[in-house]
1. Residues of region 21-40 being within 24 Å of the chain's Cα centre (by Cα), open to solvent by less than 30 Å² (accessible area, probe 1.4 Å) and within 19 Å of Gly116 (Cα to Cα), which ones?
2. Determine, yes or no, whether Arg71 is open to solvent by 80 Å² or more (accessible area, probe 1.4 Å), part of a loop (DSSP other than H, G, I, E, B), out of contact with any Phe, Trp or Tyr (no Cβ under 9 Å at 6 or more places or on another chain) and among the basic types (Lys, Arg).
3. Report, ordered by the first and then the second residue, all pairs with beta carbons closer than 6 Å, sequence separation of six or more or different chains, a first member in region 35-50 that is part of a loop (DSSP other than H, G, I, E, B), and a second member that is among the hydroxyl-bearing types (Ser, Thr, Tyr) and open to solvent by less than 10 Å² (accessible area, probe 1.4 Å).
4. Please state which one of Glu445, Glu433 is open to solvent by 10 Å² or more (accessible area, probe 1.4 Å) and not in a helix (DSSP H, G or I).
5. Out of the residues in region 249-264 that are among the small types (Gly, Ala, Ser) and part of a strand (DSSP E or B), which is nearest to Ala176 (Cα to Cα)?
6. Being without any contact (Cβ under 8 Å) to a residue 60 or more places away in the chain and not basic (Lys, Arg) is the filter; apply it to region 315-334 and report the residue that is nearest to His142 (Cα to Cα).
7. With region 140-248 as the region, which helices (runs of 4 or more DSSP H) entirely inside it contain at least 2 residues that are of a type in the set (S, T, N, Q)?
8. Pairs, please: C-beta under 7 Å, at least 6 apart or cross-chain, first residue farther than 19 Å from Ser462 by Cα and in region 382-398, second modelled with pLDDT under 95 and among the charged types (D, E, K, R)?
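The values are calculated or read from the model by the stated rules, or taken from the named source; none is laboratory data. Predicted, not measured: the structure shown is a model, and the values here were computed from it. Here the Cβ positions follow ideal geometry from the backbone for every residue, glycine too, while neighbour counts run over all protein chains shown. Quick note on the areas: whole protein, heavy atoms, side chains included, nothing else; ligands and nucleic acids left out. Shrake-Rupley method; radii C 1.70, N 1.55, O 1.52, S 1.80 Å.
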Amino acid sequence: MSSAEENAYDVIVIGGGSTGENVADIVVKGGLSAVLVEAELVGGDCSYWACIPSKALLRGPEVLGEARAVRGAAAAVTGELDVEGTLARRSSFTGDGDDAGQVTWVEGAGIALLRGTGRLDGERTVVVTDGEGNETRLTARHAVALCTGSEAVIPPVEGLRDVEPWTPREATSAKAVPGRLIVVGGGVVGCEMATAWHALGSTVTVIELADRLLAPLEPAAGAAVAASLKDKGIDVRVATGVTAARREGTEVVVSTADGEVRADEVLVSVGRRARTLGIGLETVGLQAGEYLDVDDTLQVPGLPWLYGVGDVNGRRLLTHMGKYQARQAGAAIVARARGEEVSLADWSPFVATADSVATPSVVFTDPQVASVGRTAAEAEKAGLPHRVVEYEIGSVAGASLFADGYKGKAIAIVDTHREVLLGVTLIGPAVGELIHAATVAVVGEVPIARLWHAVPSFPTISEIWLRLLETYRG
């Protein structure tokens with residue numbers, strides 16, 4: 001077998017995170033060969049620097065809070081959070097940066113793995129450079145999938161980059177608790193990491209440019225999280241911009257219109273950008289540094305062999321949406337390789353549509369915020385006839401049993417013309433486990449009249465569905 005034949009695969013996947021792994025897995029299950037190209041750790045950001053470690057840091061404080069919210073159980077909580085134990089548990093989930101387990105899975109799935117940085121070099125060609133500068137040239141018979149993800153943005157604020165700020169990667173992997181932490185950005189990452197590091201012992205200040213936390217979500221969500229953070233003793237400053245930053249010895253000094261804030265570390269969590277620099281896009285006529293434009297099969301228009309899957313296309317920067325897109329793209333690649341027609345119809349098994357207006361997400365703060373579909377503002381902007389229905393979750397029997405003094409709110413956005421749900425937001429302890437029912441209802445466009453017959457079990461927090469429907473009926 002020639003060297004060229006040895007380096008030819010049906011599909012080349014650049015980026016071995018959860019999205020890339022799923023693309024490769026689907027095409028191999030479909031009878032194609034695939035190679036996964038990864039420069040860092042197999043499993044990617046979610047496994048080592050994002051979803052998994054952040055939730056591991058948050059879970060311990062959450063459990064303590066739940067126990068302390070139940071009279072009788074609260075008396076059994078006689079100690080405080082074990083900080084070292086919490087950090088150690090976090091590290092156990094990430095393997096301390098060892099991806100051996102993920103590599104074993106890849107090999108067991110029949111996927112080839114090549115370590116190094118991959119870049120396009122013309123049509124269906126990828127050059128991989130390893131850590132020693134050696135290059136391997138690969139050829140794809142059918143498709144190349146770019147799954148390079150996204151990375152944190154450091155805004156062009158005077159001195160900010162020079163103070164060596166934490167990005168979300170450092171925030172989830174730090175080995176020691178800073179005495180004082182400034183969090184620049186009051187989005188999902190900022191609010192979650194403020195919650196986690198405060199619980200671990202840091203004095204935390206959150207600085208957000210918008211006029212509320214969690215600005216893209218329902219206003220009630222940001223208000224509830226802000227109130228909780230303040231109750232814990234976290235300094236929350238909204239409608240406040242950072243104008244400069246500097247180091248004075250071991251201190252970070254951040255300047256704002258309201259004055260200076262001093263801390264030991266500063267976390268910058270103000271957004272992300274596509275990892276499309278240095279991957280050879282210019283060799284196929286595409287613009288480097290931008291999110292990839294793709295159709296609903298994740299195929300790049302004009303380049304039928306090239307796919308952009310996950311964060312790299314900027315559609316929905318969430319792990320579960322990247323994996324969803326990977327399944328759809330993988331199925332489309334297999335079908336096209338077999339010469340089958342790939343439909344772009346709404347419910348085709350090859351298209352990604354859920355990431356447009358039916359994306360579920362959970363913010364693991366205290367309280368949690370779980371949402372899917374449109375907010376009231378988005379429905380208004382889209383010109384959809386709608387009604388906002390609200391109900392206090394704490395008034396449901398299951399919620400009062402879950403925690404004494406349970407506080408939370410359910411918000412449903414109902415299309416008053418079609419009488420289907422456009423979106424749902426749940427705010428309160430443990431609501432993350434409730435959101436999938438809402439997701440099914442929104443994605444399936446289940447009529448309100450039909451939902452009336454989906455009877456929730458008593459006494460569970462899911463009874464909130466009955467109360468929302470009763471409120472809608474009036």
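1. Across region 21-40, the qualifying residues are Glu21, Val23, Ala24, Leu36, Val37, Glu38.
2. Values: open to solvent by 80 Å² or more (accessible area, probe 1.4 Å): yes; part of a loop (DSSP other than H, G, I, E, B): yes; out of contact with any Phe, Trp or Tyr (no Cβ under 9 Å at 6 or more places or on another chain): yes; among the basic types (Lys, Arg): yes.
Spelling it out, Arg71 is indeed open to solvent by 80 Å² or more (accessible area, probe 1.4 Å), part of a loop (DSSP other than H, G, I, E, B), out of contact with any Phe, Trp or Tyr (no Cβ under 9 Å at 6 or more places or on another chain) and among the basic types (Lys, Arg).
3. The qualifying pairs are Trp49/Thr172.
4. Values: Glu433 fails: not in a helix (DSSP H, G or I).
On inspection, the qualifying residue turns out to be Glu445.
5. Initially, region 249-264 is screened for residues among the small types (Gly, Ala, Ser), giving 249, 255, 257, 259, 263.
From what is left, the residues that are part of a strand (DSSP E or B) are 255, 259, 263.
Details: Ser255: 25, Gly259: 28, Ala263: 15 Å.
Filtering first and then ranking leaves Ala263.
6. To start, the set of residues in region 315-334 that are without any contact (Cβ under 8 Å) to a residue 60 or more places away in the chain comprises 315-316, 318, 320-321, 324, 328, 332.
Checking the rest, the ones that are also not basic (Lys, Arg) come to 318, 320-321, 324, 328, 332.
Working: Leu318: 27, His320: 26, Met321: 24, Tyr324: 21, Gln328: 16, Ala332: 11 Å.
This residue is Ala332.
7. On the way: elements: 168-173, 188-199, 219-231.
Because the criterion is at least 2 residues that are of a type in the set (S, T, N, Q), the helices (runs of 4 or more DSSP H) in region 140-248 that meet it are 168-173.
8. Short answer, once both residue conditions are applied: none.
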